[in-house]
1. Each label point is 7 Å from the Cα along the Cα-to-Cβ direction; what then is the distance between the points at PHE121 and ASP194, in nm?
2. What distance in nm lies between label points placed 7 Å from Cα along the C-beta direction at ASP28 and THR210?
3. Under a Cβ-only charge scheme (Lys and Arg +1, Asp and Glu -1), can you give me the dipole magnitude of region 35-214 about the Cα centre, in debye to the nearest 20?
4. Express as a percent, rounded to the nearest 5, the fraction of DSSP beta bridges in region 35-214 (both residues included) that run antiparallel.
5. Only sites in a loop by DSSP and with at most 15 other Cβ atoms within 10 Å count here; which GluC sites (Glu not before Pro) in region 43-145 make the cut?
6. Go from 0 up to the bin containing the longest alpha carbon distance in region 163-209, width 10 Å each, and give me the % of pairs per bin.
7. Assuming 0.36 nm per residue, please report the length gained on full extension of the stretch LEU102 to VAL217 beyond their Cα-Cα distance.
8. With unit charges on the beta carbons (Lys and Arg positive, Asp and Glu negative) and the dipole taken about the Cα centre of the chain, which residue among ILE211, GLY51, LEU201 sits farthest to the positive side?
Amino acid sequence: MPEKQYLIDAITVNDSWRLFKILAEFVDGFETLGDLYPAVTIFGSARVKPGDEIYEKTCEIAKKLAQHGYNIITGGGPGVMEAGNKGAKEGGAKSVGLNIELPLEQSPNHYSTLKIDFKYFFVRKVMFVKYAQAYVGMPGGFGTMDEIFEALTLIQTKRIKPFPVILVGRQYWMGLQEWIRNTLLGSKYISPEDLDFVTLLDDPDEVVHTIKKYVIV
């Protein structure tokens with residue numbers, strides 16, 4: 001067999017076996033989270049530390065939501081994810097950590113009471129959306145942006161039912177909101193009603209109140 005054909009066949013076999021690994025991650029997520037309701041997913045930077053304003057505010061928001069009957073889902077790692085899981089645990093709700101296997105930054109935090117490990121980002125993202133009735137975005141980087149815009153795209157295209165997408169920290173998010181309004185809307189790449197998909201807030205009590213209006217426990 002020519003070497004080139006051998007390599008093509010080997011890649012095809014590896015891809016086929018990868019499908020089983022992907023399917024296994026979906027099954028694990030569905031079976032583990034099947035009875036999780038209601039839940040709020042919290043995103044944000046893995047780089048904030050305990051004692052930072054963002055960390056402590058995240059913990060407060062998660063705890064208040066937990067005390068009102070909402071389970072909390074995070075990416076299961078450090079920073080904002082840890083703060084969200086800590087608040088959920090302190091508030092008496094399920095503290096879900098959907099951890100991703102990464103060479104840097106990501107290691108499971110010890111506040112998660114329900115943990116699932118993922119290798120594939122896209123499988124993990126399905127779990128975030130499928131089992132959340134609201135999103136809370138704290139200040140963060142590319143990963144946070146990815147998760148927020150994933151939800152906005154699915155809502156805009158009516159692939160999922162609309163749910164609250166709350167960005168916490170007006171000072172941090174205002175520039176992005178203005179760019180969306182001035183550039184995206186100004187270029188007619190989105191519709192005026194698309195701006196309503198996102199709510200900017202600062203106060204933890206306002207976050208809870210906004211979610212309670214849309215998601216009844």
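1. The modelled label-to-label distance comes out at 2.1 nm.
2. Distance between the two pseudo-spin positions: 3.4 nm.
3. Values: 21 positive and 21 negative charges, 104 e Å.
For region 35-214, the charge dipole is close to 500 debye.
4. Details: 0 of 22 bridges.
Within region 35-214, antiparallel bridges account for around 0 percent of the total.
5. Values: sites: GLU53, GLU56, GLU60, GLU82, GLU90, GLU101, GLU105; in loops: GLU101, GLU105.
Hits after loop and neighbour filter: GLU101, GLU105.
6. 26, 49, 22, 3
7. Working: separation 115, 0.36 × 115 = 41.40 nm, distance 3.48 nm.
The span from LEU102 to VAL217 would gain 37.9 nm if fully extended.
8. It is ILE211, whose Cα lies furthest towards the positive end.
The numbers here are math on the coordinates, done by the rules we state, and not lab data. A quick note: this is a predicted structure, and the numbers were derived from the prediction, not measured. Here the Cβ is made from the backbone with ideal geometry for all residues, glycine too, and neighbour counts use every protein chain on show.
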